[in-house]
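S.K.: Just passing along the structure, written as structure tokens.
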Amino acid sequence: MGTQSAAPFTYEPVGATRDDLTYCPPGFHPLHVRTRLGEGQKLFERAAEAVLTWEMHRALGVGIDTTADRAAPGVDVTVTLAALIKAPCRIIWTAEEPRRAGWAYGTLEGHPECGEEAFLVDRTGDGTVWLTIAAFSRAAKWYTRAGGPAARGLQHAYARRCGAVLRRLCAEFDEA
């Protein structure tokens with residue numbers, strides 16, 4: 001993968017999802033999908049690793065080309081959908097904490113959308129493990145503008161599919 005590290009982000013405010021997964025700037029569309037994965041520390045650790053190492057995304061069947069084996073700020077990521085649509089992004093922030101792990105990326109030039117998306121695994125006080133996918137975005141290409149609500153529907157379906165795939169990848173670790 002050629003480096004995109006000099007490419008600027010295509011939106012502001014970069015990093016907004018770090019402190020508020022519900023934040024959505026004016027002119028953008030919000031996305032917030034939360035999926036219960038199960039219970040227990042081992043499930044949390046397994047889910048966190050699958051998210052941080054791109055395993056969840058690869059298990060979805062999308063192409064993932066990265067400049068590192070693990071999510072870290074500054075890592076470039078290109079997601080390829082149906083071998084046709086390339087979506088270049090850069091990791092903005094990561095979290096690797098006792099009850100919270102994940103990352104967010106922001107869009108770069110050439111992405112069909114403009115905005116930020118976070119993938120976060122967390123373990124609540126009762127031991128329940130959740131995957132939250134949160135984003136704010138707006139169309140950046142003619143075909144996503146033309147797709148309107150259907151394009152946003154596909155984004156929501158993708159987020160729900162991430163949850164289902166991660167739940168499957170972690171099923172053997174569920175203590176419930």
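The values are calculated or read from the model by the stated rules, or taken from the named source; none is laboratory data. These numbers were taken from a predicted model, which means no experiment stands behind them. Here the Cβ is made from the backbone with ideal geometry for all residues, glycine too, and neighbour counts use every protein chain on show. Only protein heavy atoms, including side chains, enter the accessible area calculation; ligands, DNA and RNA are left aside. Shrake-Rupley method; radii C 1.70, N 1.55, O 1.52, S 1.80 Å.
S.K.: Counting only protein heavy atoms and a 1.4 Å probe, tell me what percentage of the range 57-106's accessible area is made up of carbon and sulfur.
M.R.: Summing carbon and sulfur atoms, their accessible area is 55 percent of the total for the range 57-106.
S.K.: I'd like to check one number: the per residue accessible area of the range 54-155, probe 1.4 Å, reported in Å² as a whole number.
M.R.: 41
S.K.: Sort the following peptides by mean Cβ neighbour count (other Cβ atoms within 10 Å, averaged over residues), highest first: 165-176, 50-61.
M.R.: So the peptides 165-176, 50-61, ranked by packing, come out 50-61, 165-176.
S.K.: Given the DSSP H assignment, sum -39500 (n - 2.57) over each helix run of at least 4 residues in the chain and divide by its residue total; what's the result at 222 nm in deg cm²/dmol, nearest 500?
M.R.: -9000 deg cm²/dmol, from helical runs alone.
S.K.: How high is the FRET efficiency from Leu84 to Ala164, r the C-beta distance, R0 22 Å, rounded to 0.05?
M.R.: With a Förster radius of 22 Å, E is 0.40.
S.K.: Moving on to the next point. Among Thr67, Ala95, Pro112, flag the residue with its Cα farthest along the positive direction of the charge dipole of the chain, charges on Cβ as +1 for Lys/Arg and -1 for Asp/Glu.
M.R.: Pro112
S.K.: Counting only C-alpha contacts under 8 Å and six or more residues apart, can you give the relative contact order of the range 34-94 as a whole percent?
M.R.: 22
S.K.: For the range 1-146, what relative contact order do you get, as a whole percent, if you take Cα pairs closer than 8 Å and at least 6 residues apart?
M.R.: With pairs under 8 Å counted, the relative contact order is 30 percent.
S.K.: Right, something else. For volume of the Cα convex hull per residue in Å³, pick the label among (1) 106; (2) 123; (3) 191 that corresponds to the value derived from the coordinates.
M.R.: (1)
S.K.: Go ahead and set up a Gaussian network model of the chain, Cα springs under 10 Å, then flag whichever of Pro149, Pro88, Pro25 fluctuates most.
M.R.: Of Pro149, Pro88, Pro25, the Gaussian network model singles out Pro149 as fluctuating most.
S.K.: If you plug each phi of the range 153-162 into the Karplus form 6.51 cos²θ - 1.76 cosθ + 1.60 with θ = phi - 60°, what whole-Hz ³J(HN,Hα) values come out, in order, with x for Gly and Pro?
M.R.: My calculation for the range 153-162 gives x, 5, 5, 5, 5, 4, 5, 5, 5, 4 Hz in order.
S.K.: Cα axis of helix 41-52 to longest principal axis of the chain: angle in degrees, 0 to 90, nearest 10?
M.R.: Here the helix axis deviates by roughly 20 degrees.
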